[in-house]
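Undergrad: Structure in structure tokens, see below.
Coordinate-derived values only; no laboratory data. Bear in mind the structure is a predicted one, so any value in this text is a computation, not a measurement. We place every Cβ from the backbone using ideal geometry, glycine too, and count neighbours over all the protein chains shown.
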Amino acid sequence: MTRAKHAFSPITLSGATKLALGAAAIAGLAACGGSDRPRTQLAAAQINTIGVNAFLWRGALETLSFAPLASADSDGGVIVTDWYANPSNPEERVKVFVAILDQDLRADALRVTANRQVSQGGNWVDAPVQAATVQKLEDIILTKARDLRRKALSGA
């Protein structure tokens with residue numbers, strides 16, 4: 001049994017032709033929206049493309065910029081610093097964990113924990129972290145996030 005032959009063959013387009021067609025399609029879509037859309041103050045969760053509140057995320061990254069990052073997962077909202085020792089106090093080091101729990105900019109959407117170690121006889125030994133230290137980090141992150149949001153909404 002033989003296949004029937006068609007009088008036409010598939011069309012192959014060059015890269016330049018595909019690019020031109022794509023640009024024409026985008027230009028056509030751009031004309032659909034118009035520029036007279038009303039401006040609204042979008043909620044923080046609506047203007048980010050990551051899994052958590054973008055302002056909290058950026059505020060946390062800026063706050064922790066003094067320490068090297070061990071990992072940062074914007075979809076899961078987790079930031080972990082590597083051990084950081086202040087050059088003025090090399091016998092002590094800290095490691096900070098930040099979890100952003102929500103897409104809304106709220107105080108309860110942020111959880112900060114820290115580990116502290118001190119050097120004793122050449123070995124690092126766990127030491128307590130003052131609750132005020134963790135609270136201060138949370139306050140700094142929240143303040144930065146609110147400032148970032150204000151700047152974004154004012155168009156600055």
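Undergrad: How many of the residues making up the range 110-156 are exposed (fewer than 12 other Cβ atoms within 10 Å of the Cβ) and more than 19 Å from the chain's Cα centre (by Cα)?
TA: Restricting attention to the range 110-156, the residues satisfying the condition of being exposed (fewer than 12 other Cβ atoms within 10 Å of the Cβ) are 120-123, 125-126, 128, 130-132, 135, 150-151, 154-156.
Filter again for more than 19 Å from the chain's Cα centre (by Cα), leaving 120-123, 125-126, 128, 130-132, 135, 154-156.
Of the residues in that region, 14 qualify.
Undergrad: Now for a different question. (1) at positive phi; (2) in contact (Cβ under 8 Å) with a residue 60 or more places away in the chain; (3) not β-branched (V, I, T): which one isn't true of L105, the others all being true?
TA: All conditions pass for L105, except number (1).
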